[in-house]
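The values are calculated or read from the model by the stated rules, or taken from the named source; none is laboratory data. This is a predicted model, so every value here is computed, not measured. Quick reminder, even Gly has a Cβ in these numbers, built from the backbone with ideal geometry, and neighbours come from all protein chains shown.
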Amino acid sequence: MRGRLPSGIYILLALFLLRPFVAQAGSVDTTLSVNRILFEDFLKSPLPSNAKWSFSAVDINTRKQIMNAGNSVDVPLIPGSLEKLLIIAAAMDLNSEEKISMDTIIAHDGTISNGKLRGNLYIKGSGNAFLSEKDLEMAVEEIRSKGIKEIAGDMVDDDSLFETTGWKHDYQGPAYSLPGALGLDLHTVSVTVLGRPPNNVRIEPSNEAVKVIFTNDGVPSIRQIDDLTYEVRGRLSDSTVIRKRFPLKDPSAYAALTLKTLLKKKGISFEGKILRGKTPAEAEDILTIKSEALPEIARDTNRNSLNVVADNLLLLIGAKRFGAPGTTEKGLMAVREFLRNIGLSSKDIVLEDGSGLSHEDRITSGWMAVFLEAISKKPWFNAFYESLPRAGIDGTLKDISYKNEHIRAKTGQLRDASCIAGYLEREDKSKIAFSYMVNVPGADLLHKDIGPLLERLYGERL
């Protein structure tokens, strides 16, 4: 028995038979219609029958919708990390009115005399998840330059700019760290085992409070028990090399402990407690550790799909727009306000976080394409555009099977969602905004199809 032909073939045959009756004036439209039919067949051909999917494209120059296809064109789907595009755009828009900084401040109260700080040391965060041990080493050098050799008070870690109580992710691993106003290395810790114990473990960022337990059973591995306790299992040899990165549940406390460790290494005495609290208004700044400018933060976030940075940005714009502490609710209010200002309604979409990890998030591909077109007229658009990965060159698009520097797009991959949205610019300078979304169990396996999709889209005239 012969297999059933794709639906596009039947339509092509019908168009061929009707060709003599098509007016010459409509020949271009007919060609476009055929292209769209064939492209729609191409899009759905690798998808399982139970997949919900849609594709939309908008012409940037004319602002007209070119195509809106799929079995779920009017159904909001899980966007995954495409949601980061909304957060970053809202942040860039707010930044054009008042500069957004994610700086970290080292400060003190009390007095300094005879090499002794008779007061507390404060480390206050503003959401810079890229803060590093080297940054804190610079802070320690600045403390030494003040002539401080002893700190008689306590150390206060101040993450009060954000409220993150109850924040949860359905995913585990270092890519899914919890957000917070203060934290190092994307709120993660790296544990490296080199050879046999006892002096074979390297902790990064440094933290003398970390304990490592060794057990001889099982395959060589590293397990996190809590932020400050790790188990190294298995029989280790001189050639053993194991490295693993873990998310932190309390990144603020870990950052303060790293600062304490570095103070000790540089010979600065500190015997006080580490407390959670707020920096008083009368505290005197020792050093401001500057974060990268927002365009650089956006570039790293979009190209590498950094969840914790996107969530921190959401909390930060909430705090900036509606006052501290920044919360998810305030952040989403700021995003919806931004969308209204560019003429887009948010009543038909669902936003729950900044990273797109929530399975409650919902957006249609048509809405996403219109959004991408709308922001293309903003004065900060070039920075936004350049933050996106280039096909086959950068970030999450680096390892696809197609290279084209004229396509910039963001992927969104979850267990049940495979999405991509961005821009395509041809040699004749025509540019489209597009969005392709698929929801189906096992959708993360569809990432392999992104290269062929982008190659076909670039060569197609829809």
Scanning segment 432-450 for residues that are at pLDDT 95 or above and not aliphatic (A, V, I, L, M), which turns out farthest from Lys84 (Cα to Cα)? Asn439
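On the basis of being in the same structural domain as Ala256 (by TED's automatic domain parsing), small (Gly, Ala, Ser), touching a residue at least 40 places away in the same chain (Cβ under 8 Å) and surrounded by fewer than 20 Cβ atoms within 10 Å (Cβ to Cβ), does Ala152 make the cut?
yes
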Index of the failed condition, Leu94 passing every other in (1) modelled with pLDDT of 95 or more; (2) in a loop (DSSP other than H, G, I, E, B); (3) in contact with a helix residue (DSSP H, G or I) (Cβ under 8 Å, 6 or more places away or on another chain): (2)
Per-region count, segment 51-70, residues hydrophobic (A, V, I, L, M, F, W, C) and in a loop (DSSP other than H, G, I, E, B): 2
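Taking Ile407, is it closer than 24 Å to Lys64 by Cβ, under 22 Å from the mean Cα position of the chain (by Cα), among the β-branched types (Val, Ile, Thr) and part of a strand (DSSP E or B)?
For Ile407, the condition - closer than 24 Å to Lys64 by Cβ, under 22 Å from the mean Cα position of the chain (by Cα), among the β-branched types (Val, Ile, Thr) and part of a strand (DSSP E or B) - is met.
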Touching a helix residue (DSSP H, G or I) at 6+ places or on another chain (Cβ under 8 Å) and part of a strand (DSSP E or B) - does that describe any residue in segment 324-339? yes
Checking Lys168 against (1) within 29 Å of Glu292 (Cα to Cα); (2) out of contact with any Lys or Arg (no Cβ under 9 Å at 6 or more places or on another chain); (3) at pLDDT 95 or above, the condition it does not meet: (3)
Return the residues of segment 315-330 that are buried (at least 24 other Cβ atoms within 10 Å of the Cβ) and free of Cβ contacts under 8 Å to residues at least 40 places away in the same chain; say none if nothing qualifies. Gly318
Picking from Gly356, Gly412, which residue would you name as being part of a loop (DSSP other than H, G, I, E, B) and under 15 Å from the mean Cα position of the chain (by Cα)? Gly356
Those residues of segment 48-76 which are touching a helix residue (DSSP H, G or I) at 6+ places or on another chain (Cβ under 9 Å) and of a type in the set (Val, Ile, Thr) amount to Val58, Ile60, Ile66, Val73
Starting from residues that are under 17 Å from Tyr458 (Cβ atoms) and small (Gly, Ala, Ser), keep the ones in segment 375-402 and report whichever is surrounded by the fewest Cβ atoms within 10 Å (Cβ to Cβ). Ser401
Within segment 167-189, residues of a type in the set (S, T, N, Q) and either over 17 Å from Gly80 (Cα atoms) or over 16 Å from the mean Cα position of the chain (by Cα) (or both) come out as Thr188
Scan segment 186-214 for residues that are on the phi > 0 side of the Ramachandran plot, out of contact with any strand residue (DSSP E or B) (no Cβ under 7 Å at 6 or more places or on another chain) and modelled with pLDDT of 95 or more and jot them down. Leu186
Scanning segment 214-252 for residues that are of a type in the set (Val, Ile, Thr) and within 27 Å of Arg276 (Cβ to Cβ), the one surrounded by the most Cβ atoms within 10 Å (Cβ to Cβ) turns out to be Thr229
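Please work out if Asn312 is modelled with pLDDT of 95 or more, surrounded by fewer than 21 Cβ atoms within 10 Å (Cβ to Cβ) and outside the structural domain of Gly110 (by TED's automatic domain parsing).
Considered against the rule, which asks whether it is modelled with pLDDT of 95 or more, surrounded by fewer than 21 Cβ atoms within 10 Å (Cβ to Cβ) and outside the structural domain of Gly110 (by TED's automatic domain parsing), Asn312 comes out as no.
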Taking interchain pairs and intrachain pairs at least six residues apart, which have beta carbon atoms under 6 angstrom, with the first residue in segment 109-124 and without any contact (Cβ under 8 Å) to a residue 12 or more places away in the chain and the second surrounded by fewer than 16 Cβ atoms within 10 Å (Cβ to Cβ)? Thr111/Arg118
